[in-house]
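A quick write-up on the structure given underneath.
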Amino acid sequence: MKRIAIVIGHNAGAQGAVRCTDGRTEYDWNSDLAKMIEAHDPAHIKVFRRKRGGGYSAEIDRVYAEVDAWGADVSVELHFNGSTNPAANGCLMLSSGTSGSRALAANVQKACVAALGNKDRGVRFVGKGDRGGRSLWAGRAPAILTEPYFGSNKAECEAADARKAALSKAIYEGARA
């Protein structure tokens, strides 16, 4: 059975995008989602949090060193998208482009689109120096960043809330495939 690391995007001090419906941040909303994912198989899933200090690069390097020390086979970093356009929509996965990351991203993307019914924005490959890239390249295990919905889109927030259990199962099943 695969060991799945769930990394909560952002940290307690810099919590990321804010949902338009309830003001919850990426860090807060995804903290709950991470617990739900972990509950599917606590023996093989572990949640990791970025700890503040030393700047962004140091935080990413530190959390992915913890993921590596735990012996993760794959890692999934949880986020949601945001836009100044309230109509922006869809589900997107970010991948390093390595074969393991591509396969992981494709599996999780397919499962998340099915769970939420959002527009399929596909899988995007991100370089080491690109936004989000450090997370995808810092650890040993194949890694992805999830962006399953837009927190700036009221209908997508409502759907994500209504289908949060299905989303947790989708991420779990996509990651273990």
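The values are calculated or read from the model by the stated rules, or taken from the named source; none is laboratory data. Owing to the predicted nature of the structure, the values given are computational and were not obtained by experimental measurement. All Cβ positions, glycine included, derive from the backbone under ideal geometry; neighbour counts span all protein chains shown. Ligands, DNA and RNA are excluded from the accessible area calculation, which covers all protein heavy atoms including side chains. Shrake-Rupley method; radii C 1.70, N 1.55, O 1.52, S 1.80 Å.
Below is a table of values for the structure above.
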{"quantity": "Residue-count net charge about S135 - beta-carbon cut-off 11 Å; Lys, Arg +1, Asp, Glu -1", "calculated": "0"}
{"quantity": "Residues whose placed amide H lies under 5 Å from that of I45, excluding near-sequence neighbours", "calculated": "I4"}
{"quantity": "Summed residue charge, Cβ within 13 Å of K46's Cβ, Lys/Arg positive, Asp/Glu negative", "calculated": "-1"}
{"quantity": "Listed residues A72, A12, A138, most fluctuating in the chain (Gaussian network, C-alpha, under 10 Å)", "calculated": "A12"}
{"quantity": "Selected from C112, C20, C91 as most flexible by GNM, with the chain as the system and alpha-carbon contacts under 10 Å", "calculated": "C20"}
{"quantity": "Accessible area (Å², per residue) of the chain, counting only protein heavy atoms and a probe of 1.4 Å", "calculated": "43"}
{"quantity": "Full-extension gain in nm, A58 to V18, via 0.36 nm per residue minus C-alpha separation", "calculated": "12.0 nm"}
{"quantity": "Net lengthening on full extension, K164/M1 (0.36 nm per residue, minus Cα-Cα)", "calculated": "56.3 nm"}
{"quantity": "The range 1-144, accessible surface, carbon-and-sulfur percent (1.4 angstrom probe)", "calculated": "51"}
{"quantity": "For S57, net neighbour charge (Lys/Arg +1, Asp/Glu -1) across residues whose Cβ lies under 12 Å away", "calculated": "+2"}
